[in-house]
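Structure first, then comments.
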Amino acid sequence: MFTDKRREMVYNLMRHGYIHSERVKEAMLMVPRELFVPYNLRSCAYVDSPLEIGEGQTISAPHMIAIMCEVLDLNEGEQVLEIGTGSGYHAAIVSKIVGVKGKVYSIERIPSLAEKAKQNLKKADIRNVEVHVGDGSLGLPEHAPYDSIYVTCAAPVIPPPLIEQLKDKGKLLVPVGSSICSLKLLEKKNNEITVTDHGGCVFVPLIGVYGH
């Protein structure tokens, strides 16, 4: 049942232009979203909508995850930092794109959600995601620099530590604003920074030193 629903969701996202690369398509076909939502919401796992996961947090709508993956243009073997683990679903998708030679480091500020995400990832047999508890606005310097960094919550500004932890030619994707925000892509090339806007979005706030 879930396999058919997953396939239908992915092809709907393709039809509406949210997915246009084979890598994102295959990743979203591979990851069982039903394992990353609360049990009582599993029937809604493939509805293109955010879902509550507890502690006032949500799992993003599938189309938003697809948009973020496409904008980042992730490649196999990359080292990626995620800010805001949530249920672990977004990290699971990215893990499939970067493959077994790549690695996803993820930071979650709420310990109970971090533990649940670890359990979800284990159930989905995702082995190249490492979940940490901490202030995501400060990044994770011990594993820097990263090829790509993305933030799954709204920041008032682009956190400076995340820029510092980005490799040269790296990309940082972050929703900037309050709950209603703009998706900003920062690219670092030869120590020069460029920022482009990729549309409006809605996210829970980033909490931390460089958060709200």
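FYI, it's all coordinate maths here, none of it is from the lab. This one's a predicted model, so the numbers in the text were calculated from it and none came from an experiment. Ideal geometry is used to build each Cβ from the backbone, glycine not excepted, and the neighbour counts take in all protein chains shown.
Rounded to the nearest 20 debye, what is the charge dipole size of the chain about its Cα centre when +1 sits on each Lys and Arg Cβ and -1 on each Asp and Glu Cβ? Before the final figure, lay out the partial values.
On the way: 23 positive and 25 negative charges, 90 e Å.
Value, rounded to 20: 440 debye.
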In degrees, nearest 10, the alpha-carbon axis of helix 2-15 is tilted away from the dominant principal axis of the alpha carbons of the chain by 50
Taking the Cα centroid of the stretch 1-76 and of the stretch 180-206, what is the distance between the two, rounded to the nearest whole Å? 21
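Rounded, prolate or oblate: which fits the stretch 1-119 when a ≥ b ≥ c are the square roots of the eigenvalues of the alpha-carbon gyration tensor, with rounded for a/c under 1.5 and prolate only if a/b beats b/c?
In terms of gyration-tensor shape, oblate.
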Long-range tail of P(r) for the chain (Cα pairs > 22 Å, %): 44
Which entries of 101/122; 123/189; 116/188; 101/188; 123/169 show an alpha-carbon separation above 27 angstrom in the structure shown? 123/189; 116/188; 123/169
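Could you please rank 158, 59, placing first whichever residue has the fewest other Cβ atoms within 10 Å of its Cβ? Don't jump to the answer; show the numbers that get you there.
Working: 158 17, 59 23.
By the 10 Å Cβ count, ascending, the order reads 158, 59.
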State the answer as a single residue: which of 177, 191, 134 lies farthest towards the positive end of the charge dipole of the stretch 100-210, with beta carbon charges of +1 for Lys and Arg and -1 for Asp and Glu, about the Cα centre. 134
Neighbour-count ranking [beta-carbon atoms within 10 angstrom, fewest first] of 180, 110: 180, 110
Go through 203, 145, 102 and say which Cα lies farthest out towards the positive end of the charge dipole of the chain; charges sit on Cβ, +1 for Lys and Arg, -1 for Asp and Glu. 102
Size of electric dipole in the stretch 144-191: Cβ of Lys, Arg +1 and of Asp, Glu -1, about Cα centre, debye, nearest 20: 120
Note on the stretch 60-147: alpha-carbon gyration tensor, axes a ≥ b ≥ c; rule is a/c under 1.5 for rounded, else prolate if a/b larger than b/c, else oblate; result rounded
Return one number: the angle in degrees, 0 to 90 and rounded to the nearest 10, between the long axis of the Cα atoms of helix 89-98 and the longest principal axis of the Cα atoms of the chain. 70
Please give the FRET efficiency for residue 207 paired with residue 187, using the beta carbon to beta carbon distance and R0 = 25 Å, rounded to the nearest 0.05. 0.45
Charge dipole of the stretch 1-128 built from unit charges on the beta carbon (Lys, Arg +1; Asp, Glu -1), centred at mean Cα; most positive-end Cα among 56, 81, 32 is 32
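For the chain, what is the percent of antiparallel DSSP beta bridges, rounded to the nearest 5? All intermediate terms of the calculation are to be shown ahead of the outcome.
Numbers: 19 of 39 bridges.
Around 50 percent antiparallel, to the nearest 5.
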